[in-house]
1. Largest first, what is the accessible-area ranking of M1, M244 with a 1.4 Å probe?
2. Would you mind telling me the antiparallel percentage of the DSSP bridges in the chain, rounded to 5?
3. What length, rounded to one decimal in nm, is gained on full extension from D147 through to F256, with 0.36 nm per residue of separation minus their alpha-carbon distance?
4. Considering only DSSP states other than H, G, I, E and B, which GluC sites (Glu not before Pro) in the range 103-147 qualify as loop sites with at most 10 other Cβ atoms within 10 Å?
5. Could you go through the range 285-300 in sequence order and give the Karplus-derived ³J(HN,Hα) for each residue, using 6.51 cos²θ - 1.76 cosθ + 1.60 with θ = phi - 60°, rounded to whole Hz, and x for Gly and Pro?
6. Work out, step by step, the length gained on full extension between E21 and Y46: first 0.36 nm times the residue separation, then minus their alpha carbon distance; give nm to one decimal.
7. ³J(HN,Hα) across the range 13-19 via Karplus (A = 6.51, B = -1.76, C = 1.60, θ = phi - 60°), whole Hz, x for Gly/Pro?
8. Need the C-alpha centroid separation for the range 159-204 versus the range 231-255, integer Å.
Amino acid sequence: MIDAHKLRKDFPILFQEVNDEPLVYLDNGATTQKPKQVLDVLRAYYEHDNANVHRGVHTLAERATRDYEASREKVRQFIHAKETAEVLFTRGTTTGLNWVAKSYGDAVIEAGDEILISYMEHHSNIIPWQQLARRKGAILKYIGIKDGKLDMDSARKQVTEKTKIVSIAHASNVLGTINPIKELAELAHSVGAVIVVDGAQSAPHTKIDVQELDCDFFAFSGHKMCGPTGIGVLYGRRELLENMEPVEFGGEMIDFVYLQDSTWKELPWKFEAGTPNIAGAIGLGAAIDYLNDIGLENIHAYEQELVEYVFPKLQAIEGLTIYGPQDPKEHTAVIAFNLDKLHPHDVATALDMEGVAVRAGHHCAQPLIDYLEVPATARASFYFYNTKEDADKLVDALYKTKEFFSNGTI
Ligand code: C6P
């Protein structure tokens with residue numbers, strides 16, 4: 001089992017005061033903090049090994065290439081892909097989803113075809129499909145939500161012979177819901193569609209096995225799982241990637257360049273044009289080592305324990321509404337809420353005065369926020385280095401916030 005008090009010592013940033021209060025960082029859905037182990041690897045890379053990859057024969061270039069490609073193998077193992085050819089380094093989830101829409105989507109989608117997403121998607125899993133549908137005259141359809149979860153009856157009704165792509169978040173960044181990807185994959189495959197999974201909020205928190213999930217594409221971000229910003233991964237099944245055109249062109253990704261035409265390198269490099277985020281990839285590898293040492297099963301179990309600890313305390317606050325499933329056993333450690341009629345920005349500002357960092361706004365999920373019929377929400381999102389004391393501090397700060405506003409003193 002996880003000892004969060006011990007693990008948090010790996011995160012120097014957590015030991016500071018904000019507004020004269022010890023920092024309680026509960027904005028892990030936006031980005032997580034980085035442990036010393038990852039910071040050390042990044043520093044060592046720049047101090048000892050920095051060089052461009054795949055181009056030089058000198059020692060530093062060989063070291064940088066070795067470590068960059070070693071990270072790809074770590075990612076492969078982390079998501080249980082069959083081969084490293086299926087692991088593409090990207091800037092993050094957003095880039096991965098855009099690549100699928102642009103490359104696979106442009107090749108496959110025709111006028112009248114259907115793309116199926118859901119009301120709980122992040123903008124990164126909406127707008128690329130809107131743009132694709134617009135380019136091709138296709139139809140973008142939305143699976144509904146029931147009791148804070150994906151409405152599977154709605155999903156079954158909306159999948160037709162015209163459905164070509166189903167793209168769904170594995171875990172919602174607002175509702176704290178885990179979606180049944182395997183079931184959705186079966187549904188998509190039954191009509192010959194592919195399933196794209198937005199894994200931004202699941203890969204950091206639970207074991208991922210892309211083969212077991214039977215997904216065709218899976219995108220996630222390094223910065224939400226203790227890695228650096230600007231690095232992410234797109235997994236794609238080899239048969240699909242082989243037949244896809246690169247989205248970006250330039251150095252690194254070519255085999256031969258003639259005057260009027262060019263040929264591409266083999267997978268995965270044909271998708272990685274230009275100098276990649278070498279340090280980012282190596283840092284992500286270090287983050288994977290760090291998470292593996294703790295154990296993804298342990299992380300998942302501990303976060304569940306935290307949710308079950310804090311949920312009833314939040315539910316007991318009069319006037320506090322939690323969105324998503326009401327049973328903590330069905331809720332991830334992302335908890336979106338509103339307090340009375342207070343604007344969530346005011347709530348987040350008041351919490352910040354107590355040192356508690358939460359996010360407020362539409363969480364890049366405007367269609368969902370409209371669906372919930374609220375202007376915005378506050379959101380606390382926990383990670384394995386958060387303690388029960390952090391949860392208590394959140395609850396205390398919410399009571400104080402309530403009191404301040406009712407007294408008109410803030
Ligand atoms: N959500 C949040 O606070 P990028 O920005 O590419 O690393 O990840 C985009 C993204 C895609 N899908 C989901 C489900 C996400 O949660 C995110 C990022 C952050 O909720 C920042 S908006």
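1. Values: M1 150, M244 10 Å².
Heavy-atom accessible area, descending, gives M1, M244.
2. Details: 26 of 45 bridges.
Beta bridges within the chain, antiparallel portion: roughly 60 percent.
3. Values: separation 109, 0.36 × 109 = 39.24 nm, distance 5.47 nm.
So the chain would gain 33.8 nm between D147 and F256.
4. Values: sites: E110, E114, E121; in loops: E110, E121.
Answer in residue order: E110.
5. For the range 285-300, the Karplus curve yields x, 5, 5, 5, 4, 5, 5, 5, 4, 6, x, 5, 5, 5, 4, 4 Hz.
6. Details: separation 25, 0.36 × 25 = 9.00 nm, distance 3.45 nm.
Between E21 and Y46, full extension yields an extra 5.6 nm.
7. With the stated coefficients, the range 13-19 comes to 4, 6, 9, 8, 9, 10, 6 Hz.
8. Measuring centre to centre over Cα atoms gives 22 Å.
The values are calculated or read from the model by the stated rules, or taken from the named source; none is laboratory data. Quick caveat, the model's predicted, so the values are computed rather than measured. Please note: Cβ atoms are built from the backbone with ideal geometry, for glycine as well, and neighbour counts cover all protein chains shown. These accessible areas exclude ligands, DNA and RNA; they are computed on the full protein's heavy atoms, side chains included. Shrake-Rupley method; radii C 1.70, N 1.55, O 1.52, S 1.80 Å.
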